[in-house]
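> Quick one: the structure is below, questions incoming.
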Amino acid sequence: MSHLALRRVMIRMLHDPLLVEAIYADPVRALAGDEVTAIERAWLIATPRAAWGTDPERPARVLAALLAEYPATARVAGEQVATFFASSQFHRTVRERGSLAQALGEHLAGAAGSLAAPLARLEAAIARVRRAPRAAPPAPPGSLRLNPHAAVLELPRGSLAAFTALRHGEVPSGLGAGVEGLLVLRQPPDGEVTVEEVPEGLAALLHAAERTAARGVLEVLAREHGADPGEAASILDGLVRDAVLG
Amino acid sequence: MSPGRATIQPMLANRPSASFLDRLPHLPRLGLGVSTEFGAAQAPGALDLAVLRERHPAYAGFLEIGIETAKGIDADARAWTARGLPTTYHYLDINLDEPEDFDAEWLDDVRRIAAEIRPAWLCGDAGMWHLGRRERGHMLLLPPILTETAADAMADGIACLRAEVGLEVLPENPPGAAYLGDLHLLDFFARVLERADTGMLLDCAHLAIFQRLRGLPPTAGLDAFPLERVVEIHVAGGSERRHEAFAWVEDDHSPEVLADTWTIVEQVIARAPNLRAVVYECERNPLDACLPGFGRLATLLGG
């Protein structure tokens with residue numbers, strides 16, 4: 001499938017002028033990690049260099065579309081935003097057919113300041129559940145798992161408040177000590193994504209269900225976090241009813 | 001309803017192994033038509049599909065609907081299909097040469113939308129519509145790598161989509177500012193058509209762009225191309241651009257069709273015996289600006 005690898009190099013060249021420069025200077029070195037042949041490298045550099053820049057607004061356009069899902073993080077990420085298309089996250093994602101939204105989240109998480117990383121993780125989770133398939137395959141009988149349109153996070157305390165403030169154009173407070181558990185859930189049928197803080201015990205239960213878990217194991221875990229036997233079953237039934245678990 | 005539209009699905013379902021040239025008689029003759037995509041008709045100064053159909057029905061024989069399944073079809077396309085008028089389904093969200101792209105959810109959406117608009121066939125640029133997965137921020141349009149391996153992968157994707165949806169799938173040659181590979185564009189698509197055993201949507205404006213980039217005459221390679229497989233053509237205006245020292249043509253669907261494109265159009269119409277449909281891609285322009293182009297095409301088609 002060399003043609004796919006070559007096309008992915010083309011995509012990266014359309015977004016990253018530094019890569020174009022590197023390839024024309026030393027194609028073997030610049031493409032050392034890519035499955036492209038010597039002939040394919042020759043095709044690349046036989047193309048007039050300016051051909052890769054015929055749509056100079058493209059990177060800004062793509063970045064703007066992606067940033068629409070990171071409004072809070074973008075406000076605290078500073079200059080990190082502008083370096084996305086030169087980042088290892090961008091290039092790896094194109095190579096591996098991944099998600100640019102997730103790659104941007106990873107990149108923004110590296111910005112200076114204490115808020116960038118938790119906000120990037122939260123907004124990346126929102127982007128991820130927004131893209132989850134409409135129908136998830138059911139867990140095996142007797143088992144449950146977190147549905148793909150749900151995510152559970154543990155972030156520094158104050159992350160949700162900072163996220164809410166920034167999304168409303170307000171100045172966020174700093175982060176506090178300890179952590180908070182957050183449930184990110186895409187609501188049927190309109191796809192709106194909600195974020196809510198959940199108690200520590202429920203966050204632990206949802207974490208345990210990130211991989212398929214026997215219902216009995218989850219009931220035991222719920223009891224370990226303070227639920228009585230009847231209540232544990234009822235909690236799990238409620239999570240299934242709300243489509244958090246399936 | 002166009003006479004052939006009701007027969008195509010049963011024909012494919014009942015005779016999946018029939019050769020393309022045997023299946024061809026079941027494809028309807030759609031004549032001259034126009035294209036749209038989600039929201040295009042509502043843009044300021046855009047072509048009013050209903051007015052075109054009312055005042056110049058011969059120029060609006062069918063509507064080619066550009067579709068991203070995530071968006072579906074807009075009110076203008078829905079109004080057209082509600083009248084039972086002919087359509088074609090132009091995909092905007094499938095990388096035909098990437099097996100991972102044929103996921104069940106997307107295929108379900110295509111079948112659902114096709115059931116609603118009842119297209120004569122599926123068609124669209126056979127290139128890269130999105131980098132990586134099909135998701136927000138990933139859309140672009142790149143031409144295929146012009147190699148035998150890539151042609152074979154694309155042909156397999158076309159055959160797969162035809163089998164999954166039950167409609168003919170006509171690949172279109174995409175535009176580009178850079179084409180890589182050792183094949184001529186027409187040799188690449190000749191191989192695709194043969195291996196997928198399908199017909200072609202030849203975009204004459206895109207072909208003119210390719211020929212100019214390669215420094216070739218507009219009709220280079222047409223003599224060896226299987227023109228009997230050309231079922232549909234696209235005609236559109238373009239604008240000559242320059243970026244640094246690099247001259248290229250932007251496929252902007254303006255009403256001004258370049259001379260190179262007209263040269264190709266004239267030769268193909270004269271020599272493609274199974275041509276069923278011609279789209280003048282001028283959807284974002286006012287009617288008066290488009291009438292000369294429509295008129296010239298109608299004359300070429302003998303209308």
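> Out of the GluC sites (Glu not before Pro) in the stretch A:143-246, which ones are loop residues according to DSSP with at most 13 other C-beta atoms within 10 Å? Could the numbers behind the result be given before it?
On the way: sites: A:E154, A:E170, A:E180, A:E192, A:E196, A:E197, A:E200, A:E210, A:E219, A:E224, A:E231; in loops: A:E170, A:E192, A:E210.
Answer by residue number: A:E170, A:E192, A:E210.
> Antiparallel versus total DSSP beta bridges in chain B: what percent is that, nearest 5?
20 percent
> By its C-alpha gyration tensor, with a ≥ b ≥ c as the square roots of the eigenvalues, how is the stretch A:133-241 shaped: rounded for a/c under 1.5, else prolate for a/b larger than b/c, else oblate?
It is oblate, given that a/c is not under 1.5 and a/b is not larger than b/c.
> Further question: Under a 10 Å cutoff between Cα atoms, tell me which one of B:A120, B:A270, B:A151 has the largest fluctuation in the Gaussian network model of chain B.
Greatest mean-square fluctuation among the candidates belongs to B:A270.
> Moving on to the next point. With the other protein chains left in place, how much accessible area per residue, in square angstrom, belongs to chain B at a 1.4 angstrom probe?
37 Å²
> Something else about it: Pull up all non-local amide H partners of B:L32: gap of 5 or more, or a different chain, and H-to-H distance under 5 Å with H placed in the peptide plane.
The list, which skips near neighbours in sequence, is B:G61, B:V278.
> How large is ³J(HN,Hα) for each residue in the stretch B:157-167, as worked out from phi by the Karplus curve 6.51 cos²θ - 1.76 cosθ + 1.60 (θ = phi - 60°), to whole Hz, x for Gly and Pro?
These are the phi-based 3J(HN,Hα) values: x, 5, 4, 5, 5, 4, 5, 6, 9, x, 10 Hz.
> For the stretch A:133-241, calculate the relative contact order in percent as a whole number, restricting contacts to Cα pairs under 8 Å that are 6 or more residues apart.
With pairs under 8 Å counted, the relative contact order is 25 percent.
> R0 = 22 Å: FRET efficiency of B:L24 with B:D103, Cβ-based, nearest 0.05?
According to the calculation, E is roughly 0.15.
> Among the GluC sites (Glu not before Pro) in the stretch A:83-153, which ones are in a DSSP loop with at most 14 other Cβ atoms within 10 Å of the Cβ? Mind listing them?
Sparse-neighbourhood loop GluC sites (Glu not before Pro): A:E96.
> Pick from A:A38, A:A124, A:A22 the residue whose mean-square fluctuation is largest in a GNM of chain A, springs joining Cα atoms under 10 Å.
Evaluated over chain A, the most mobile residue of the options is A:A38.
> As an exercise, use a Förster radius of 51 Å and the Cβ-Cβ distance of A:R223 and A:R58 to find the FRET efficiency, rounded to the nearest 0.05.
0.40
> With a ≥ b ≥ c taken as the square roots of the eigenvalues of the C-alpha gyration tensor of the stretch A:49-184, please select rounded if a/c is under 1.5 and otherwise prolate if a/b is larger than b/c or oblate if it is not?
The shape class here is oblate.
> Residues of the stretch A:82-100 losing 30 Å² or more of accessible surface, assembly versus chain alone, probe 1.4 Å, please list them.
Buried by the other chains: A:R97, A:G98, A:S99, A:L100.
> A further question on this structure: Using amide H atoms built 1.01 Å from N in the peptide plane, name the residues 5+ places from A:E180, or on other chains, whose amide H lies under 5 Å from its own.
Hits under the 5 Å cutoff: A:L155, A:R157.
> While we're here: Only sites in a loop by DSSP and with at most 12 other Cβ atoms within 10 Å count here; which trypsin sites (Lys or Arg not before Pro) in the stretch A:189-227 make the cut?
Qualifying residues, ordered by number: A:R211.
> Post the alpha-carbon centroid distance, the stretch A:76-127 to the stretch A:166-213, in whole angstrom.
What the calculation gives is 19 Å, centre to centre.
> Pull out a ≥ b ≥ c, the square roots of the eigenvalues of the alpha-carbon gyration tensor of the protein assembly as shown, then state rounded if a/c is under 1.5, prolate if not and a/b is larger than b/c, and oblate in the remaining case. Display every interim value, and only then the final one.
On the way: a/c = 2.07, a/b = 1.60, b/c = 1.29.
Cα axes put the protein assembly as shown in the prolate bin.
> Which residue, B:G39, B:G124, B:G66, tops the fluctuation ranking in a GNM of chain B built on C-alpha contacts under 10 Å?
B:G39
> What is the local net charge at A:E21, summed over the other residues whose Cβ is closer than 13 Å to its Cβ (Lys, Arg +1; Asp, Glu -1)?
In short, +1.
> Leaving out ligands and nucleic acids, and using a 1.4 Å probe, what accessible area per residue does chain A come to in Å²? Mind showing how you got there, number by number?
Values: 11430 Å² over 246 residues.
Using a 1.4 Å probe on heavy atoms only, each residue of chain A averages 46 Å².
> Report which residues of the stretch B:236-271 become buried by 10 Å² or more of accessible surface when going from the isolated chain to the complete set of protein chains (1.4 Å probe; DNA, RNA and ligands ignored).
Those are B:H243, B:E244, B:F246, B:W248, which lose 10 Å² or more relative to the chain on its own.
> To the nearest 100 Å², how much accessible surface do chains B and A cover up together, summed over both, with a 1.4 Å probe?
It comes to approximately 3100 Å² buried between B and A.
> In addition: Skipping prolines and chain starts, which residues have an amide H placed within reach, meaning under 5 Å, of the one on B:H243, given they are 5 or more residues away or on another chain?
B:W248
> How far is it, in nm, from the label point at A:E197 to the one at A:A32 when both lie 7 Å from their Cα along the line to the Cβ?
4.9 nm
> Give me the net charge for the shell around A:E224: Cβ to Cβ below 14 angstrom, other residues only, Lys and Arg +1, Asp and Glu -1.
Spelling it out: positives minus negatives among the neighbours equals -3.
> Could you work out what % of the accessible surface of the protein assembly as shown is carbon and sulfur, using a 1.4 angstrom probe and leaving DNA, RNA and ligands out of the count?
Values: 12050 of 22630 Å².
Carbon and sulfur together cover 53 percent of it.
> If contacts are Cα pairs under 8 angstrom and at least 6 residues apart, what is the relative contact order of chain A in percent? Let's see the in-between values first.
Values: 317 pairs, mean separation 34.8, N = 246.
With pairs under 8 Å counted, the relative contact order is 14 percent.
The values are calculated or read from the model by the stated rules, or taken from the named source; none is laboratory data. Since the structure is predicted, the reported quantities are computational estimates derived from the model, not experimental observations. Every residue, glycine among them, receives a Cβ derived from its backbone with ideal geometry; neighbour counts consider all protein chains shown. The protein model used for the area step is the full one, side chains on, heavy atoms only, and it has no ligands, DNA or RNA in it. Shrake-Rupley method; radii C 1.70, N 1.55, O 1.52, S 1.80 Å.
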